[in-house]
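Comments concern the structure below.
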Amino acid sequence: MEAEHVGSRHDTQDRKFPEHYRHNFWCLVVDFCFFGIAMAFFNPSTVTPSFLTELGASTSVIGLMSTLQRAGWLAPQLVGARYLANKPFKKPYILLPAGISRSMLLIVAGTIWATQGTPPGLVIGVVIGVSAIFWLGDGLGSVAWFDFLSKTIPPHRRGRLTSTGQALSGVLGFLAGFIVEWMLGDRGPSYPNNYALLYLIGFIMLVISFVAISFGREPKGVSARSVPKWSAYIRQLVAVLKKDRAFRRYIVTRQIFNLSALATPFYMTYALEKLGLPTQVAGRYTAIGVIGTITSALLFGWANERHGSHTAMTLSLFANASVPALALLIPRLLADQPAILAWAYGLVFLAYNFAMASFMPSWIAYILELAPEAQRPIYVGMTNTFNSVSALVSTLGGLMLQWSNQNYVLLFAMAALGTLAAFPLLQTLPKLRGPVQDAAGG
C-alpha cells in the first residue's frame, strides 16, 4: 500500500491545471481570507475567552467551549462524508450549512445587546450554544469544501493557495486586532455592547467569505453510485483502516499530537487571571498573533510546495510545542516588569497563530494527498471524527486546572511534552512528495 502512496497516484510531476484554475484559486483565496479576518473579531483563543471571563465563567466552562468548538467542527464529518459519497458536485453542501451556521452570530450579537450581559449564565449559555452550532455547520461544510479544493487546485499549488489566503487575511487581521483592542478599551464602546459589535462585524466578514465561495466553478468529480447503508459504510471504513497502514499510523500520530490542545483555551485566562493583564490585551494579542499567521503562511506554503507535506508536519509539531513553552518562560523572565510583560506575552499568541496556520499546508494537506480521489471524503471524514474524540483534551485541561488549584505550570508542561511525544511516530509516516522544481502556468 505504501508503494502506491509514493507512486503514480500522487505523481506531482504531472503539471496539468484543472479548468477554471485561476478563477477558483482566487475564489478560494477570498473565502479563506475573509473567514480568517472574521476570526479576529470573535477569536476563540482571545476575544471569546476574555468575554466569558468577564461574565464569570469558570475554567472548566471555558474548556468545555473549546471542546464543543473542536468536536462540533470535527465529529459530523464522517456523517457528511457518507452523505456526499454519491454527489459529484459538492458546492451546494458547502453553502447550505455555512449559510445557516454563520447567521447564528447575529443571535449572539442580539442577545448581548438585548440583555446587556445579564443574567450572565444566560449569555454564557447562548455564547457556548451558538459557538457549538457555528462550528457544527462549518464542520459539515468543510468535507465538501476540502473536496472542492482538491478537485480545483492541484497538490503542488495548494500550499500557495493557503499561504496567499493566510497572508492577505493576516495583513487585514493585524489591523482588525487593534480595532478589537480599541473596542475593548476605555475609549471604545461600553461593555457589553463592544462585544456585540465584535460579533456583528465578524458576521459581515463571513458574509463576504460566503459570497466568494458561491462564485466558485466546480467540475464534476468522481463519486460512488449510491450512498451506502450504514452497515456497509462502517465495513468500508474498517476496510480502509485495515488496508492502508500509512493512514492508520497517521491517525495514531495525530491523536497524540492533539495533546497540544490541552492548554489552548487557557493562554488568555492565564493572562487575565494570573498575570493581571487588562481585558483589552485580547485585541493586542489578536493583532500580534496575525504576524504569526502571515509568517506561517509564507513558511509553510513554501515548505509544502518545495519539500512536501511531511516536512511541513514536522515543522508544525515543533511550532505547536513552542506555544506552552513560551507561556511558561515569558512570565518568569519578566515577572518584575509588568509593562513589558503585557507586550511580551503576546509572543505566546504569535506562536499560537503560527502553529494554527500550519495545519492546512501540513496535516490536512498530507491526508488530501494520501487519499484516493473517490475515497477522499471518507479519509477526511474519518480523520476528523477521530480528532473530535481528542478534542476532549481541552475540557480535561479545564478540569486539570480546577483539580490542581489553577496550576497553569503543570498544564502548560503537559501540553508541551504531549505534543513532542508524537515526533517519533511522525517519522515513520511515508513521504508522499519530495522537493520539486517550479512549474509554469500557475
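Inside segment 41-83, residues that are at pLDDT below 85 and within 18 Å of Tyr352 (Cβ to Cβ) make up a count of 13. If only residues of segment 108-131 that are in contact (Cβ under 8 Å) with a residue 24 or more places away in the chain and not in a helix (DSSP H, G or I) are counted, the one that is surrounded by the most Cβ atoms within 10 Å (Cβ to Cβ) is Gly117. For segment 398-421, a tally of residues being modelled with pLDDT of 90 or more and either in contact with a His (Cβ under 6 Å, 6 or more places away or on another chain) or under 24 Å from Val252 (Cα atoms) (or both) returns 11. Per the conditions (1) modelled with pLDDT of 80 or more; (2) among the hydrophobic types (A, V, I, L, M, F, W, C); (3) surrounded by 18 or more Cβ atoms within 10 Å (Cβ to Cβ); (4) farther than 18 Å from Leu105 by Cβ, the sole criterion not satisfied by Phe215 is (3).
Taking the criterion of being in contact (Cβ under 8 Å) with a residue 24 or more places away in the chain and within 13 Å of Ser163 (Cα to Cα), the residues of segment 16-30 that qualify are Phe25, Leu28, Val29, Val30.
Taking Tyr191 as the residue in question, decide whether it is among the hydroxyl-bearing types (Ser, Thr, Tyr) and farther than 20 Å from Val380 by Cα.
Values: among the hydroxyl-bearing types (Ser, Thr, Tyr): yes; farther than 20 Å from Val380 by Cα: yes.
Yes; evaluated as a whole, the condition is true for this residue.
Go over the candidates Leu262, Leu275 one by one and state the one that is modelled with pLDDT of 85 or more and touching a Ser or Thr at 6+ places or on another chain (Cβ under 8 Å).
Numbers: Leu275 fails: touching a Ser or Thr at 6+ places or on another chain (Cβ under 8 Å).
Just a single option satisfies the conditions, and that option is Leu262.
All but one of (1) buried (at least 18 other Cβ atoms within 10 Å of the Cβ); (2) within 23 Å of Leu74 (Cα to Cα) hold for Gly289; which doesn't? With respect to (1) buried (at least 18 other Cβ atoms within 10 Å of the Cβ); (2) within 23 Å of Leu74 (Cα to Cα), Gly289 is out only on (2). In the set Leu368, Leu396, Leu341, Leu410, only one residue is in a helix (DSSP H, G or I), of a type outside the set (D, E, K, R) and without any contact (Cβ under 8 Å) to a residue 12 or more places away in the chain; that residue is Leu410. For segment 271-297, the set of residues classified as assigned to a helix (DSSP H, G or I) and over 17 Å from the mean Cα position of the chain (by Cα) consists of Ala271, Leu272, Glu273, Lys274, Val281, Ala282, Gly283, Arg284, Tyr285, Ala287, Ile288, listed by residue number. Can you spot a residue in segment 228-242 that is farther than 29 Å from Leu432 by Cβ, at pLDDT 80 or above, part of a helix (DSSP H, G or I) and of a type in the set (Val, Ile, Thr)? No, every residue in segment 228-242 fails to be farther than 29 Å from Leu432 by Cβ, at pLDDT 80 or above, part of a helix (DSSP H, G or I) and of a type in the set (Val, Ile, Thr). Within the span defined as segment 354-368, one or more residues are touching a helix residue (DSSP H, G or I) at 6+ places or on another chain (Cβ under 7 Å) and within 19 Å of Ala239 (Cα to Cα).
Filter segment 218-227 for residues that are surrounded by 13 or more Cβ atoms within 10 Å (Cβ to Cβ) and among the aliphatic types (A, V, I, L, M); which is modelled with the lowest pLDDT? Checking each candidate, the answer is Ala224.
Would you check if Leu184 is modelled with pLDDT of 80 or more and more than 27 Å from Gly301 (Cβ to Cβ)?
Details: modelled with pLDDT of 80 or more: yes; more than 27 Å from Gly301 (Cβ to Cβ): yes.
In short, yes.
A single entry from Tyr191, Tyr199, Tyr195 fulfils the requirement of being modelled with pLDDT of 85 or more, out of contact with any Phe, Trp or Tyr (no Cβ under 9 Å at 6 or more places or on another chain) and more than 30 Å from Leu429 (Cα to Cα): Tyr191.
Filtering segment 73-102 down to residues that are surrounded by 17 or more Cβ atoms within 10 Å (Cβ to Cβ) and of a type in the set (Gly, Ala, Ser), which residue is nearest to the chain's Cα centre (by Cα)? Applying the filter and picking the extreme gives Ala75. Does any residue of segment 260-270 turn out to be out of contact with any Pro (no Cβ under 9 Å at 6 or more places or on another chain), under 19 Å from Leu425 (Cβ atoms) and either crowded, with 18+ Cβ neighbours inside 10 Å or small (Gly, Ala, Ser) (or both)? Yes, there is a match, as at least one residue in segment 260-270 is out of contact with any Pro (no Cβ under 9 Å at 6 or more places or on another chain), under 19 Å from Leu425 (Cβ atoms) and either crowded, with 18+ Cβ neighbours inside 10 Å or small (Gly, Ala, Ser) (or both).
A single entry from Gly165, Gly173, Gly216, Gly177 fulfils the requirement of being outside any helix (DSSP H, G or I), of a type outside the set (D, E, K, R) and touching a residue at least 12 places away in the same chain (Cβ under 8 Å): Gly216.
The values are calculated or read from the model by the stated rules, or taken from the named source; none is laboratory data. Just so it is clear, the structure is predicted and the values come from calculations on it, not from any experiment. Here Cβ is always computed from backbone atoms with ideal geometry, including for glycine, and neighbour counts include all displayed protein chains.
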